[in-house]
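Below: the structure, in structure tokens.
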Amino acid sequence: MLNAQPVEAAATTEAGFKLRGLRWWIVGLIFLATLINYVDRLTISVLAPAITRDLGLTNTEFGGILTWFLLAYTISQGLSGKLYDRVGTKRGFVYSITLWSFAAMAHAFARGLASLSVFRFVLGLGEAGNWPGAAKTVAEWFPVRERALGMAVFNSGAAIGSVVAPPLIVWLSLTYGWQTTFIVTGALGFAWLALWLLFYQTPDCHKWLSERERRLIREGQQDDDAKSLAAGQSAPLGWRELLRYREVWAIILSRFLTDPVWWLYISWLPKYLADARGFSLAKIGLFAWVPYVAADAGSLSGGWLSGHLIKRGWSVNRARKLVILIAALLMPAGIFAAFADDAMVALALIGVVLFGFQVWINNVQTLPSDLFPDRAVASVAGLGGTGAGIGSMIFTLGTGWVVDHFSYVPVLVAAGLLAPFGTLILFALSGRIGRVRLKPPLTVAGS
């Protein structure tokens, strides 16, 4: 006799082929996109010692190159959020990953500061779309109680990509050279794009989605949609409308202050290990990935913990805030890393920082879907990313100057203080976390 218990596997029904747990397959695709995103952006960071030597770049100039990426990334966060809300998730990802994959491959042809800066700028324009697109995908495909875990799964791609990148990139570089490395890593996005075009549809029209799972996905969403439609509020909200809400500013400002912590270690860790700890390129490949294992654990455990607390009857407000607070209190560990005598102790402490950050960001990135209807999620996420980009751009550019004139110690100390302060701002402005009561649309005088 066939199964008495349902399993998460493919099944065929009278209505045709259905894939049980389809939402997890969808978020798995976003996980892969995020992993590739991080491999592409980390290629220059891992190869920084070789590239700066071959092209004769100072730390300040290297910081400037990273800042061009962040400038484009910041601009594109808000634009990409609007793009995804208007053209939909499927087409939005096609635009984003095509642009960033071409830009990543173009790095192979850089000949100096100017060309490398241009390629980094274009890469930032494309890569920024991944996050508002992923937030929108999770909001479309997951019920409220599962969204933090869905965000955790896709967001763990950042940490896994950071684990995979150093050994892969170093091996490719030592075997084929750094130019060929950019071509190989950049081509990964086009392989993903083929899977995306074959597999992705929205829940409303995906033929492989069972009615049971469709009802689960829509759990808690239908009432909000009906209220919005009754109020004539079905179109995406504009930036001017969204910036009227203090909850949006809570996300923007908290990410402005806290995201630079992640960008510091993503952008500068290999260079820090080479300059301050005396690591060779081969040794960077062997050890630079270690803190990102902790980051991956933070991403998954942070999403699981808040969702688990909600399932046990905690309010969304109480669960999110407790997990975010615990995470913020872990990130000052970077201050102790600055003064550690042993390089491995410093790496372990940096792992604590990245664990805390991923717990923090996974829950903060869920807030747009906790606070706003689906039609505004990508736009709010994009505005949050814009705040993150501006803060990270300032901090990254300043890092190069401080390192050239002083050392890495002031940078690590400053980064250790940012997360607690950013979390205080988040809690002060957001108030109680729950669905925002939308205000009447703005009207133009005389219309």
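Distance from the Cα centre of segment 307-369 to that of segment 54-107, in angstrom? Value for the Cα centre distance between the two parts: 26 Å.
Taking the charge dipole of the chain about its Cα centre, with +1 at Lys and Arg Cβ atoms and -1 at Asp and Glu Cβ atoms, the residue from Gly133, Leu113, Leu257 reaching farthest to the positive side is Gly133.
Helix 113-127 axis versus longest C-alpha principal axis of the chain: approximately 20°, rounded to the nearest ten.
Which one of Leu412, Gly400, Thr423 is farthest out on the positive end of the charge dipole of the chain, using unit charges on Cβ (Lys, Arg +1; Asp, Glu -1) and the Cα centre as origin? Of the options given, the answer is Thr423.
Among the lysines of the chain, pairs that are 8 or more positions apart or on different chains and have alpha carbons within less than 15 Å of each other number 6. When GluC sites (Glu not before Pro) are flagged only if DSSP places them in a loop and at most 16 other Cβ atoms lie within 10 Å, the longest unflagged stretch of the chain comes out as 220-447. Basic side chains Lys and Arg get +1 at the Cβ, acidic Asp and Glu get -1 at the Cβ, and with that the dipole of the chain about its Cα centre reaches some 1020 debye.
Placing unit charges on each Cβ (+1 for Lys and Arg, -1 for Asp and Glu) gives segment 290-427 a dipole about its Cα centre, and among Gly313, Leu354, Ala333 the Cα reaching farthest toward its positive end belongs to Gly313. One way to sum up the overall shape of segment 92-186 is the equivalent ellipsoid from its Cα gyration tensor, whose semi-axes run 30, 17, 9 Å, largest first. Dipole magnitude for segment 79-196: computed about the Cα centre from +1 point charges on Lys and Arg Cβ and -1 point charges on Asp and Glu Cβ, it is near 220 debye. Helical content alone sets the calculated 222 nm signal of the chain at -25500 deg cm²/dmol, taking -39,500 (n - 2.57) per DSSP H segment of four or more residues and averaging over every residue. Which one, [x] 65, 48, 43; [y] 61, 51, 51; [z] 69, 66, 47, gives Cα extents along the principal axes in Å as derived from the coordinates shown? Comparing each candidate, only [y] matches the computed number. Our analysis of segment 252-333 gives Rg over Rh at 1.10, with the two radii drawn from alpha carbon positions and Rh computed by the Kirkwood formula.
Every number in this text was worked out from the coordinates using simple rules, so none of it is lab data. On a predicted model such as this, the values are computed, not experimentally measured, just so you know. Glycine also receives a Cβ, built like all others from the backbone with ideal geometry; neighbour counts cover every protein chain displayed.
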